[in-house]
Amino acid sequence: MGLTSWLISFKRTFPWLWRIVESFNGSVFFLRHRDIIPLSEEILENSSPDGYVFSLATQDDVPSLVGFLSGQPEESFKYFRPHRFDEKTLRRIIKGYSFLVMKVTETVGDEIKGYFFLRCFCDNRAFAGLLVDHQLQDKGLGTAIWCACSQICQRLGIRMFATIDEKNLPSLRSCDKGTEIISREKLHEDYILVECRMKEQINKKISPVL
């Protein structure tokens, strides 16, 4: 069993202990990467596609995030259940340091059209996850999100990963368009662990922060 598979099993078996480990992990990660907030804000602003705004989510966004998530059809969550989507859970992860929580809004107005995050670990790894409004899928938003997340990780000098179901072809295609992906490990059921690296043409323009 690989490390990622072991962590998933540990989280499911000991959820209360996982929260303690996650809190410690987040604090250590933040101490090592204190510049993550201003750096992410800069990259998100420059990565926003026409008509939309990428930005960090705050506690003030929680009610809108809950509304966005609850308004998506059930099939949207077939492959996307990284955590509970209730207000208490969202407030907890935004408050902590293990998650960098981000959102997509329209340029005109503040209605949330997408939710994405980097789940960060103190061993210099991060796992990306995202959900785009079902009415905006196949419009390039997911690709832009993958690309923005890879830039954040590149600038921080950390490795970016994702767990994707092999049957979730739209997500695999979107990830492949936004990043350079490398299959690393077969996980439970039909999930695979992929490492996501910044596209070479973008990498030439951006130097990582060492």
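The values are calculated or read from the model by the stated rules, or taken from the named source; none is laboratory data. Keep in mind the model is a prediction, meaning the values are calculated, not measured. Just so you know, the surface numbers come from the protein's heavy atoms only, side chains and all, with ligands and any DNA or RNA stripped out. Shrake-Rupley method; radii C 1.70, N 1.55, O 1.52, S 1.80 Å.
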Given C-alpha coordinates of the range 56-210, what is the ratio Rg to Rh with the Kirkwood estimate of Rh? 0.94
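For the chain, please report how many Lys pairs fall under 13 Å Cα to Cα, leaving out neighbours fewer than 8 apart on the same chain.
Summing the qualifying lysine pairs gives 5.
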Find the accessible area per residue for the chain; the probe is 1.4 Å, ligands and nucleic acids are left out, and the unit is Å². 54 Å²
Divide by every residue of the chain the summed helix terms, -39500 (n - 2.57) for each DSSP H run of at least 4, and state the resulting mean residue ellipticity at 222 nm, rounded to the nearest 500 deg cm²/dmol. -13000 deg cm²/dmol
Accessible area, 1.4 Å probe, largest first: how do Ser23, Ser55 sort? Ser23, Ser55
Please list Cys147, Cys122, Cys175 from largest to smallest accessible area, probe radius 1.4 Å, with all protein chains kept in place. Cys122, Cys147, Cys175
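Where the accessible area of the range 64-107 is counted over protein heavy atoms with a 1.4 Å probe, how much of it, in %, is carbon and sulfur?
50 percent
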